[in-house]
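Undergrad: To start, I am sharing the structure in question, which I have written as structure tokens.
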Amino acid sequence: MAIRKVAVMGHPILRQIAKEVPPEAIQTPEIQGLIEDMIETMREYDGVGLAAPQVYESLQIAVMEIDSGNPRYATATNTPVTVFINPKITPLTEETTGMWEGCLSVPGLRGLVYRPSKILLEALDRDGKPIKKEWDGFPAVAIQHETDHLFGKLYIDRIEDTTQLAFNDEYRKYHQGE
Ligand code: NI
């Protein structure tokens, strides 16, 4: 396992549409090794999710792990490591939830983004088995944020009101808990 370098905003790989992973390739040492490295990299930088393009691999693979002790996100939600490959997201409600998102590829900033509150995630897991699961709350936000990465989008693109974009310290002082 290895901690990978994280691409930051401005690098073109973050704006490409990542390639789907052929299901038969998921069990290969290359893909399994990439998944392990992504989990290690996410943990090293206190991320709650990471997408393969963020570690310079233009493939539709994302990982998520939410721990209530994460120093970057105050949340009571715990979600064990979840790997999703070739994801498809269907919103299940018109209702949206606003969250101050951050991103390891957009260091130092937080911005308020609204996304559908409840989604259906269809994808393949790390063994290549189909997953079909409804999500809401914090994990639903993380899944949508990571899936955006696979389609060349950053959360910054979804900020409707740029007065709601802040540096980390100012976010903590003036916006956290809003
Ligand atoms: Ni991100």
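Please treat every number below as a calculation from the coordinates, not as lab data. The model shown is predicted, which means the values in this text are computed figures rather than measured ones. Cβ coordinates were reconstructed from backbone atoms using ideal geometry, including for glycine residues, and neighbour counts include every protein chain displayed.
Undergrad: How many nm is it between the label spots at Glu24 and Glu134, if each spot is 7 Å from the Cα in line with the beta carbon?
TA: 3.7 nm
Undergrad: What is the stretch 1-114's relative contact order, in percent, from Cα pairs under 8 angstrom and six or more apart in sequence?
TA: Contact order relative to length: 25 percent.
Undergrad: Follow-up question, since we're still on this one. Give the distance, in whole Å, between the Cα centre of the stretch 33-54 and the Cα centre of the stretch 125-165.
TA: Cα centroid of the stretch 33-54 versus Cα centroid of the stretch 125-165: 15 Å apart.
Undergrad: On a straight-distance basis, which aspartates and glutamates could pair with Lys129 in a cross-link, Cα separation under 17 angstrom, same-chain partners fewer than 8 positions away excluded?
TA: Of all the aspartates and glutamates, those that pass the test against Lys129 - Cα under 17 Å, at least 8 places apart if same chain - are Glu20, Glu24.
Undergrad: Just want the answer: with Cβ charges of +1 for Lys and Arg and -1 for Asp and Glu, which residue in Asn78, Gly10, Ile26 is farthest toward the dipole's positive end in the chain?
TA: With unit charges placed on the Cβ atoms, the residue in question is Gly10.
Undergrad: Using Cβ counts within 10 Å as a stand-in for footprinting exposure, how do Phe151, Phe84, Phe167, Phe138 rank, fewest first?
TA: Result, fewest neighbours first: Phe167, Phe151, Phe138, Phe84.
Undergrad: From the phi of every residue in the stretch 147-157, what ³J(HN,Hα) in whole Hz does the Karplus formula 6.51 cos²θ - 1.76 cosθ + 1.60 yield, where θ is phi - 60° and glycine or proline is x?
TA: 5, 3, 4, 6, 10, x, 10, 10, 4, 3, 5
Undergrad: On to the next question. Which entries of Lys5/Lys133; Lys118/Lys153; Lys19/Lys133; Lys133/Lys173 show an alpha-carbon separation above 26 angstrom in the structure shown?
TA: In this structure, Lys5/Lys133; Lys133/Lys173 lie more than 26 Å apart at Cα.
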